[in-house]
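A.B. asks: Below: one structure in structure tokens.
Bear in mind that the values in this text are calculations on the coordinates, not laboratory data. From a predicted model like this one, the values you see are computed outputs, not experimental measurements. Because the Cβ atoms are built from the backbone with ideal geometry, glycine has one as well, and the counts that use them run over all protein chains shown.
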Amino acid sequence: MTHTIDTPSGLEALGARIRDARTITIMTGAGVSAASGVPTFRGDGGLWRSFRAEDLATPEAFRRDPRLVWEWYDWRRSLIASCRPNPAHDVLAQWSRRDGVTLITQNVDGLHELAGSRDVIRFHGSIWQLRCAGGCGTASQPWDDRQVPLPTLPPPCPRCGGHARPGVVWFGEAIDTDVLSRCLDATACDVFLSVGTSSVVHPAAGLIARAKAHGAYTVEINPELTDTARYLDLAVALPAEQALPALRVWEDWRSPGGSGHES
Ligand code: BJW
């Protein structure tokens, strides 16, 4: 049966387990950025106008009405541009300096990178990248564009003049094969933490079950425990920005008597 913790003072044993683990994989979702002011998809404020992510984050929606889809992304880009990393991003940035830590995020907001996290695996791409949806097709590489608001919607591809699209993964689209294979490899770990995700969108949601099958100690951190939590070893019913700093892992890793492995 899953053990549940709902106070920061109950996190000592998890902190010790993480400190002693050789390999730790963390997968984050929208909840990790909630305290920074980025709306989650399926919580309060998850609707834009009257649309859900499932209505707009699809190739069909883009084909039908590229301007509408771009208005949503342009609004989100403007909002995210004024957001700053919160203590959850800061703790994970510290952890990312240690050997054996893999950070995977479903988020496209770039806040882990802004907090200083190294080698973030972006499962669903980046809202700060664009790629050609027109004549250059899938052969073209994404490019960075941080303008907010974008001067023209939809923005044009600079090469072929067709529409550019956000450099993100929509429903029905495959995860980049290299990204997926690195994430599957990272499920062979000692501890797997799922932080701030509703665990309803696959294949990301399936990674923790795979980690458990490999023998990892599996943990969810989410104030609203998900259906997945009941299959895991531990459920931490706290916001990420409270739970992660309360683990006090980095302080020990840094200390001379700490359990080492720091790069
Ligand atoms: C806090 C907090 C705090 C609040 N602290 N926590 C298997 C079974 C069923 C369906 C499928 C399946 N395999 C594939 C599918 C179909 C589909 C899918 O999963 N559909 C489901 C909806 C049923 N998946 C796909 O289509 C994927 N592609 C695919 O599988 O391709 C196969 C293929 C192979 C070969 C060729 C072709 C195809 C792609 C999925 C792409 C998802 N994209 C999006 C948009 C990205 C771009 C953008 O941002 O616009 O990704 S949708 C959206 O959902 C976004 C997110 O990354 C993703 C997950 O959301 P997340 O992060 O979990 O957010 P929320 O809002 O749901 O949850 C937030 C949580 O935080 C809540 O639980 C809160 O309680 C919590 N919280 N405050 C901690 N302070």
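A.B. asks: Between Arg159 and Leu180, what is the spin-label point distance in nm, taking each point 7 Å from the Cα along the Cα→C-beta axis?
C.D. replies: Result: 2.3 nm between the two label points.
A.B. asks: Using Cβ contacts closer than 10 Å as the measure, can you line up Trp170, Trp143, Trp95 from fewest to most?
C.D. replies: Trp143, Trp170, Trp95
A.B. asks: Using only the alpha carbons of the range 192-257, determine the length spanned along each of the three principal axes and report them from longest to shortest in whole angstroms.
C.D. replies: Largest first, the range 192-257 extends 40, 26, 18 Å along its Cα principal axes.
A.B. asks: Hey, how many Å between the Cα centroid of the range 1-75 and the Cα centroid of the range 175-240?
C.D. replies: Rounded to whole Å, the Cα centres lie 13 Å apart.
A.B. asks: When the Kirkwood radius is taken over all Cα pairs of the range 87-161, what Stokes-Einstein diffusion coefficient follows at 25 °C and 0.890 mPa s, in µm²/s?
C.D. replies: 173
A.B. asks: Shifting gears a bit: Name the residue from Phe41, Leu79, Ile121 whose Cα lies farthest towards the positive end of the charge dipole of the range 16-124, charges +1 on Cβ of Lys and Arg and -1 on Cβ of Asp and Glu.
C.D. replies: Ile121
A.B. asks: Using the 10 angstrom Cβ neighbour count as an exposure proxy, how do Met27, Met1 rank, fewest first?
C.D. replies: Met1, Met27
A.B. asks: At a temperature of 4 °C and a viscosity of 1.567 mPa s, determine how fast the chain diffuses translationally according to Stokes-Einstein, using the Kirkwood radius over alpha-carbon pairs as Rh; express D in µm²/s, rounded to the nearest whole number.
C.D. replies: Translational D for this selection: 67 µm²/s.
A.B. asks: Identify, among Thr187, Pro66, Ala204, the residue whose Cα sits farthest towards the positive end of the charge dipole of the chain, taking +1 on the Cβ of Lys and Arg and -1 on the Cβ of Asp and Glu, with the dipole about the Cα centre.
C.D. replies: Pro66
A.B. asks: Here's a follow-up. Under a Cβ-only charge scheme (Lys and Arg +1, Asp and Glu -1), can you give me the dipole magnitude of the range 151-263 about the Cα centre, in debye to the nearest 20? Write down the numbers at each step before the final one.
C.D. replies: On the way: 8 positive and 13 negative charges, 63 e Å.
Around 300 debye, computed over the range 151-263.
A.B. asks: Give me the dipole magnitude in Debye, nearest 20, for the chain about the Cα centre, with unit charges on the beta carbon: positive for Lys and Arg, negative for Asp and Glu. Mind showing how you got there, number by number?
C.D. replies: Working: 26 positive and 30 negative charges, 105 e Å.
Rounded to the nearest 20 debye, it is 500 debye.
A.B. asks: Once every DSSP H run of n ≥ 4 in the chain is given -39500 (n - 2.57) and the sum is divided by its residues, what mean residue ellipticity at 222 nm do you get, rounded to the nearest 500 deg cm²/dmol?
C.D. replies: Mean residue ellipticity at 222 nm (helix-derived): -8000 deg cm²/dmol.
A.B. asks: What size of dipole, in debye to the nearest 20, comes out for the range 1-122 about its Cα centre when the only charges are +1 on Lys and Arg C-beta atoms and -1 on Asp and Glu C-beta atoms?
C.D. replies: 200
A.B. asks: When the Debye formula is applied to the Cα atoms of the range 1-129, each taken as the same point scatterer, what base-10 log of I(q)/I(0) results at q = 0.12 Å⁻¹?
C.D. replies: Here log10 of I(q) over I(0) equals -0.56.
A.B. asks: How about the range 34-111: which trypsin sites (Lys or Arg not before Pro) there are in a DSSP loop, with at most 13 other Cβ atoms within 10 Å of their Cβ?
C.D. replies: Listed in order of number, the matching sites are Arg49, Arg52.
A.B. asks: Next question. Do any chymotrypsin sites (Phe, Trp or Tyr not before Pro) in the range 1-82 lie in a loop, going by DSSP, with at most 15 other beta-carbon atoms within 10 Å of their beta carbon, and if so which?
C.D. replies: Values: sites: Phe41, Trp48, Phe51, Phe62, Trp70, Trp72, Tyr73, Trp75; in loops: Phe41.
Filter output for the range 1-82: empty list.
A.B. asks: Out of all DSSP beta bridges in the chain, what portion is antiparallel? Express it as a percent rounded to 5. Walk me through the numbers before you get to the answer.
C.D. replies: Working: 10 of 33 bridges.
Given both bridge residues lie in the chain, the antiparallel proportion sits at roughly 30 percent.
A.B. asks: Which order, highest average first, do 28-37, 7-16, 220-229, 237-246 follow once you tally other Cβ atoms within 10 Å for each residue and take the mean per peptide?
C.D. replies: Working: 28-37: 23.4, 7-16: 15.0, 220-229: 19.2, 237-246: 21.7.
Packing proxy ranking, top to bottom: 28-37, 237-246, 220-229, 7-16.
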